[in-house]
Amino acid sequence: MFKLAERLSGLEESVTLAITVKARALKAEGRDVIGFGAGEPDFDTPENIKEAAIKAIRSGQTKYTPVGGINELKDAIIGKFRQDNNLTYSRDEIIVSCGGKHSIFNLFQAILNPGDEVIIPAPYWVSYPVMVSLGGGMPRIVHTTEADGFRMSPEAFKRHLSPNTKAVVINSPSNPTGAAYTEKELAKLAEIALENGLLIISDEIYEKLTYDGFKATSIASISDEVKKRTIVLNGVSKTYSMTGWRIGYAAGPKEIVKAMTNIQSQSTSNPTSISQWAAVEAISGPQDAIGVMVREFAKRRKAMVDGLNAIDGISAILPQGAFYVFANVSVLFGRSYKGKTIKGSVDLATYLIDEAGIAVVPGEPFGDDKFVRLSYATSMDNITKGIKRIGEAAGALK
Ligand code: PLP
């Protein structure tokens, strides 16, 4: 048999994919499936952004661009950091990639040597540990619970340090929990990172999607010392409903950004020229569409959390940001249907899709099997109907 690369040995097909595939197949058969799996806003990309892309096509912006992004977009990103985060960067401290995911991938390729450890608080976005492994490093998982508000404490952080720790990942607000750190909490984590000479990897892709007046802080803005040791990751996917356009970016120390750009130059080359021009408009044009989306998400978030908490056997804490609820369903484990026992989050997700026509994402690939993730990037009508069905399905388990 053909022998694949050994570094792929830990790389498995995403468990989440199985549910998505099943949901799609059931829908195609005409079954009424309500999807809570979405990892993207259900809003359309704003019209002014689409127009900027059309204008880019018409004016011939259809050729290779500089690998790390056009100066116009870098300048828009620099302006955003100055205005939103009080952070000053120069063009050589910014890289634009084919989505935030691509920036993060480049980063781990750029900084890791074999044996280097990267601290990742769990529940985590599924791609971090895999990307660390693909970069030759070792993910070091720090478990958090609802009691911690799904936030890594300074003590837990310290306990997981080793002489091989190279970096720590902070994702605030988080996918899948929606948890976000206050400025004070970030300052404490940053202090530990600095004391131990770590690189801080701050994924701020859900920065603008926050609720109840909570404002996300960039850890890089804590001090100049912290900024020098931080790579901030962000993008236009979630904020501007632009997941398909594939534009993300990173800001941080020149030498790291240069290494990431070199990797990009030998792999993908520049992100799509047309999308870059659309992103210039997204970042520097009118921002009203974000407020409209956040107000709608805020209503749905409350409806979903309240609805889930009213179900016997399910509990969920109120997330501060993003568009996900991470619900604890472990009380239902051990119960059965049709002679099958629910043993974990994958079993429960399978039961919900098969028996109730509800697609949720199991918590297991996010690093905590007691939970399932539900996205409220879907209509209020779907949330109302879907929660009712989940309640009935939970009640039918014996
Ligand atoms: N970071 C987190 C935490 C995410 O949830 C996602 C997308 O799901 C990304 C980064 C990457 O998004 P994109 O590659 O669309 O910019």
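When the scattering of the range 62-284 is computed by the Debye formula from its Cα atoms alone, each counted once and equally, what is log10 I(q)/I(0) at q = 0.10, 0.11, 0.16 Å⁻¹? Computed log10 I(q)/I(0) values: -0.40, -0.49, -1.08. Eigen-decomposition of the gyration tensor built on the alpha-carbon atoms of the chain gives equivalent ellipsoid semi-axes of 34, 25, 21 angstrom, largest listed first.
For the range 214-254, just say rounded, prolate or oblate: build the C-alpha gyration tensor, square-root its eigenvalues into a ≥ b ≥ c, call rounded for a/c under 1.5, and beyond that prolate if a/b exceeds b/c, oblate if not. It comes out oblate by the Cα gyration axes.
From the largest down, the range 1-106 spans 48, 41, 34 angstrom on the principal axes of its Cα atoms. Let me know the longest stretch in the chain that avoids all chymotrypsin sites (Phe, Trp or Tyr not before Pro) found in a DSSP loop with at most 16 other C-beta atoms within 10 Å. The segment 215-398 is the longest one with no such site.
Put a plus charge on the Cβ of each Lys and Arg, a minus charge on the Cβ of each Asp and Glu, and nothing anywhere else: the dipole of the range 327-373 about its Cα centre is then about 140 debye. Axis angle, to the nearest 10 degrees, between helix 47-58 and the longest C-alpha principal axis of the chain: 50 degrees.
Provide Thr341, Thr261, Thr230 ordered by accessible surface of protein heavy atoms (probe 1.4 Å), highest first. Working shown, then result.
Details: Thr341 60, Thr261 30, Thr230 0 Å².
Greatest to least solvent exposure: Thr341, Thr261, Thr230.
Gyration tensor analysis over the Cα atoms of the range 159-212 returns equivalent ellipsoid semi-axes of 23, 12, 9 Å (largest first, whole Å). DSSP assigns beta bridges within the range 62-284; of those with both partners inside it, close to 30 percent run antiparallel. Given a 1.4 Å probe and the protein chains as shown, His143 ends up with an accessible area of around 120 Å². Excluding the site residues themselves, the longest part of the chain lacking any GluC sites (Glu not before Pro) in a DSSP loop with at most 15 other Cβ atoms within 10 Å is 30-398. Just the protein heavy atoms count here, and of the accessible area of the chain at 1.4 Å, carbon and sulfur take up 53 percent. Shown here is the pair-distance distribution of the range 305-398: with all Cα-Cα distances grouped in 10 Å bins from zero up to the longest one, the shares run 17, 57, 24, 2 percent. Measuring nothing but how far apart in sequence close Cα pairs (under 8 Å, 6+ apart) lie, relative to its length, the range 280-382 scores a relative contact order of 23 percent. Mind scanning Lys3/Lys343; Lys63/Lys227; Lys302/Lys388 and naming the pairs with a C-alpha gap bigger than 24 Å? Over 24 Å Cα-Cα: Lys3/Lys343; Lys63/Lys227. Per residue, the range 62-284 exposes an accessible area of 39 Å² to a 1.4 Å probe, with every protein chain left in place. Volume per residue of the convex hull around the Cα atoms, evaluated for the range 56-100, comes out as 91 Å³.
Counting only Cα atoms, the size of the range 78-137 along its three principal axes is 36, 26, 20 Å, in decreasing order. When the chain is treated as a Gaussian network with alpha carbon springs shorter than 10 Å, the biggest mean-square fluctuation among Ile283, Ile120, Ile247 belongs to Ile283. Sequence-ordered 3J(HN,Hα) estimates for the range 379-389 from the Karplus curve with 6.51, -1.76 and 1.60 and θ = phi - 60° stand at 5, 4, 4, 4, 5, 4, 5, x, 5, 4, 5 Hz, glycine and proline given as x.
Normalising by residue count, the range 114-176 has a Cα convex hull of 70 Å³ per residue. The amide H of Thr165, built 1.01 Å from its N in the peptide plane, has Glu117 as neighbours under 5 Å, considering only residues 5 or more places off or on other chains. Taken one residue at a time, the phi angles of the range 75-84 give Karplus couplings (6.51, -1.76, 1.60, θ = phi - 60°) of 5, 5, 5, 4, x, 4, 4, 5, 6, 7 Hz. Gly and Pro are set to x.
Global dimensions of the range 1-62 from alpha-carbon coordinates: Rg and Dmax equal 19.9, 52 Å. Each Lys and Arg Cβ is given +1 and each Asp and Glu Cβ -1; about its Cα centre, the chain then shows a dipole of about 440 debye. Both the radius of gyration and Dmax for the range 210-366 are 20.8, 60 Å, in that order, over alpha-carbon atoms.
The values are calculated or read from the model by the stated rules, or taken from the named source; none is laboratory data. Only a predicted model underlies this, so the values are computations on that prediction, with no experimental measurement involved. Cβ coordinates were reconstructed from backbone atoms using ideal geometry, including for glycine residues, and neighbour counts include every protein chain displayed. When the accessible area is computed, the model is the full protein with side chains, heavy atoms only, and any ligands, DNA or RNA have been set aside. Shrake-Rupley method; radii C 1.70, N 1.55, O 1.52, S 1.80 Å.
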